[in-house]
Amino acid sequence: MVVKNILIVDDEKPFLLSLTDGLAAYAEEFTVVTALNGKEAIKVLDSSEIDLVVTDLRMPTMDGFELLAHMSSNYPGIPVIVMTAYGTPAIEERLQKMGTFQYLEKPLDLNILADKITDALESSSSPDHLHGITLAAFLQLLEMESKTCTLTVQSQDKEGCLYFVKGELMQAETGKVKGDEAALDIVAWENVAIEIQYVCTVKKKGIGMPLAEILMEGFRLKDEKNEKESVAEKEEKMDVKKLNGIIKEIKEDLGEALISTDIWATADGQTLAGFNSNAKAAALLNRVGQQFIDAITGAKFHALDKYYILDLQDNKLVICLMFPDYWWGMLLDSDKVQLGLLLNVVVPKAMDGFNTAVSA
Amino acid sequence: MDIKKLNEILEKVKKELGDGLLGTDIWVAADGQAIAGVNPNPKASALMNRMVNITNEALKDAKFPLLGKYFLHHLEGEHIGMTTLIGDYRWGMLVDGTKAQLGLLLNVVVPETMEAIKEVVSA
């Protein structure tokens with residue numbers, strides 16, 4: 001087993017000594033190196049192979065925030081455990097949700113610290129693990145510690161600034177965009193490099209939402225954008241001509257029984273192909289299907305799989321075929337449709353045809 | 001209401017569908033409480049009852065015709081969940097799609113059983 005190197009950063013020498021002594025029992029798993037502030041910690045990081053950093057936030061010379069900011073650009077792969085004496089369980093829970101980093105309350109329980117170190121080291125060796133501290137966690141620590149500062153955040157070719165006064169986010173800007181819109185964008189950036197300066201020139205508040213809300217909404221908007229991009233990417237690859245060909249075949253099979261049919265993207269309900277397109281019916285089936293999925297998932301029942309059928313009053317029948325990201329709905333005249341034909345011929349043909357068009 | 005008769009009707013369904021029938025219940029639409037069943041599954045009855053309500057609400061909002069006789073879901077593991085609407089009552093069943101024939105189910109078992117249940121509940 002390879003012995004890992006842990007760097008513990010704190011300005012209290014006796015505390016560091018007691019931690020080093022206490023953690024000596026884990027010498028087979030990891031060895032401990034110490035530093036009294038961020039500046040010393042950076043020297044250690046520059047000169048040794050460090051697998052994990054455990055740091056306090058409040059230190060003279062160079063504090064934990066400056067160290068974390070430096071690590072975000074220079075050592076983004078090293079996991080971090082933050083120690084602070086001013087947190088609450090609610091803040092801890094929020095912070096844990098925001099990223100891969102761990103958070104510990106002072107005074108420390110040595111066994112808990114050892115467990116957290118072991119967990120962090122184990123998970124950091126997983127290929128799916130995101131290393132280092134996230135911007136969201138960093139911002140919440142700033143709020144918790146009531147910091148006044150200006151953050152410059154970089155991610156790929158983007159750059160933005162976040163301004164804090166006594167832990168309150170006052171303003172955000174990226175390019176020509178300012179305020180909530182800029183904050184919602186910046187907080188969701190990935191692989192960020194952070195620079196921190198303990199000055200803030202902004203006096204007037206330009207942000208209307210609380211930080212926690214900005215973080216949640218920022219991530220939601222990012223997920224939504226990613227989903228739309230993924231659907232748009234698939235649509236570009238989809239052979240719509242082929243889909244229309246299959247719809248034509250199905251129309252021939254079902255004859256007058258087929259009133260209308262639409263294939264739409266579940267993310268936005270936009271129709272991709274259809275016959276007698278009925279946007280209202282597509283939106284309705286999209287909504288009903290999503291509600292079915294929610295109800296079934298909530299009840300931990302068998303998941304909805306290939307399709308659902310609704311027999312409606314007024315002699316109408318609806319079938320909705322479910323594919324990843326796309327659904328295909330058909331509105332039928334129940335007096336004219338034969339269920340055997342629908343389920344044994346039309347459904348398999350539609351499924352095969354759709355999959356061929358997607359993989360074309 | 002003749003509950004014994006309802007249970008007999010469901011036993012007949014079991015006989016017709018054999019191993020294909022995983023469970024079936026008849027419940028009151030108002031509260032989702034089951035009054036008869038074979039391999040009863042109260043959780044499934046409550047869920048299906050909720051799904052009838054969800055569907056009808058969405059249909060009503062969109063000014064579409066409401067649910068008629070039934071709705072059917074193809075579920076993972078080739079299971080079929082089917083719920084039929086009989087006045088103030090609902091009859092639901094969970095079927096193994098690899099063992100039960102859908103044609104027999106939809107064209108024979110369902111119409112006959114719905115008629116028989118209707119007779120008992122409206123007596």
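Tell me, what is the FRET efficiency for A:GLU256 and B:ASP88 to the nearest 0.05, using R0 = 22 angstrom and their Cβ-Cβ distance as r?
Using R0 = 22 Å, I get an efficiency of 0.05.
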Number of partner chain Cβ atoms within 10 Å, mean per residue of A:293-299: 3
Report P(r) for region A:146-232: all Cα-Cα distances, bin width 10 Å, range 0 to the bin holding the largest distance, values in whole percent. 18, 49, 26, 5, 1
The extension gain from A:ALA25 to A:MET209, computed as 0.36 nm times the residue separation minus the Cα-Cα distance, is 61.5 nm
In whole Å, how far is the Cα centre of region A:277-309 from that of region A:179-212? 39 Å
Return, ordered by residue number, the residues of region A:316-360 whose backbone nitrogen is under 18 Å from a label point located 7 Å along Cα→Cβ of A:LYS241. A:353-360
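Once the piece of chain linking B:GLU57 and B:SER122 is laid out straight, how much longer is it, given 0.36 nm per residue of separation minus the C-alpha distance between them?
Fully extending the segment from B:GLU57 to B:SER122 adds 20.8 nm.
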Chain A: most fluctuating residue of A:ALA188, A:ALA232, A:ALA212 per GNM, C-alpha cutoff 10 Å: A:ALA232
Quotient of Cα radius of gyration and Kirkwood radius for chain A, i.e. Rg/Rh, equals 1.15
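Quick one, could you list the DSSP H helices from chain A stretching 27 Å or more along their long axis (Cα atoms) with average Kyte-Doolittle hydropathy of -0.5 or above?
Once both thresholds are applied, what remains is A:279-298.
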May I ask you to derive the FRET efficiency for A:ASP325 and A:ALA85 from their Cβ-Cβ distance with R0 = 41 Å, giving the value to the nearest 0.05? 0.30
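Can you tell me the FRET efficiency between A:VAL199 and A:LEU36 if r is taken as the Cβ-Cβ distance and R0 is 22 Å, rounded to the nearest 0.05?
Here the calculated transfer efficiency is 0.35.
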Where in region A:168-192 does the label zone of A:GLU233 land, with the point 7 angstrom along Cα→C-beta and an amide N cut-off under 20 Å? A:188-192
Points 7 angstrom from Cα along the Cβ direction at B:GLU78 and A:PHE275: gap in nanometres? 2.9 nm
Could you work out the Rg to Rh ratio of region A:238-359, with Rh taken as the Kirkwood radius (inverse of the mean 1/r over all Cα pairs)? 0.95
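No lab work stands behind these numbers, since they all come straight from the coordinates. From a predicted model like this one, the values you see are computed outputs, not experimental measurements. Don't worry about glycine lacking a Cβ; one is built from the backbone with ideal geometry, like all the others, and counts go over all protein chains shown.
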